[in-house]
Every structure is written in C-alpha cells, then in structure tokens.
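See below for the structure under consideration.
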Amino acid sequence: MLTAFGLTCSAQEARIVERLADGSYVVSIAGVEHRAFDAAKMRELEKRKVDLDAALRINAEKDAQIKELGLQVELKEAQKALIQQKADSFKADFERSQEDAKRNFGLFVGERELRVEAQQFIPHGQTNGFWGKVLNTLDSPASQAFWKLAVPTYQMMRCR
C-alpha cells in the first residue's frame, strides 16, 4: 500500500544550488530558485524592515509638512500682493490729493485776488459827524471780528 501511495504522491525536488558568502543559500524547488537565509539573517532583515517602515512614515510626514509649508508660502505671497495693492492705492490717493491741494490753493489765491480787486469798487464814503464815525467804526475789521465772535459767545454763555 505504501508503494501505491508513493506513486500517487508527487514529491517536489529540492536541492541546494549555491552557498553564498553571507551564509545564505540559493535553493531550487521544483525548478524555481529561491534564496534561503539563516535565523540571524532573518532577524536582521526584520529589524531593517521595521527601520524602513519608520523611515517611510517619517518621509510621508515630511512630505505633508513640505506641502503645508508650500501652501503657507503661497498664502503669504497672496497677502503680500494684497498689501502691495493697498499701498499702491494709498500712494495714488495721496498723489491725487496733492494735485487737488495745489489746484484748490490756486483757486484760493485767485479768489483772494478777486476779493482784493473787488474791494476797490465798494464805495466807502468820507463821512463826517457823529454818525459817520459810528459807521466807519462798524465798517472796520476789528468791529466786524467783535460782532462775529463776541456776540455768539455771549449768547452761548447766556443760554447755559
């Protein structure tokens, strides 16, 4: 019966093809070559595999950090561009205000010259007597300042 069982079972052919300098073997099983390691080499390979996994994990974290920092750089550049746009806008507004100030000062000087010229055409008669002196006093700049400042101040104090 063993003979019958042995005929029905197909055994695989295993043989050592080569012994390598590091202590491992090249083994041929059913015509396919495999590399066989001893226990010490297997422990060393397991340790290296753990180190490789840790290095790959650190590398993935580093890549994520690089990507995040790249996004932060892009955000900072966008903020810098917005700040530059604001600065350019403020500069343009300032230059426009300077032009407006020059134009308005020119208008002010022109208006003042026209007022001085216009005062020549306002008749200021030479009056004599008591009422003439009263009218000349009321027409003076000091009297006008008094009426424009003192009277409103008095009314404000009286209403308190």
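Every number here is computed from the coordinates shown, using simple stated rules; none is lab data. For clarity, every value in this text was computed on a predicted model and none was experimentally measured. Cβ sites come from the backbone with ideal geometry, for glycine too, and all protein chains shown count toward neighbours.
Side notes on the structure shown:
- Which listed residue, of Val116, Val109, Val32, is exposed (fewer than 10 other Cβ atoms within 10 Å of the Cβ), within 30 Å of Pro141 (Cβ to Cβ) and hydrophobic (A, V, I, L, M, F, W, C): Val116
- The set of residues from segment 20-72 being part of a loop (DSSP other than H, G, I, E, B) and among the hydrophobic types (A, V, I, L, M, F, W, C) comprises Leu20, Ala21, Ala30, Phe37.
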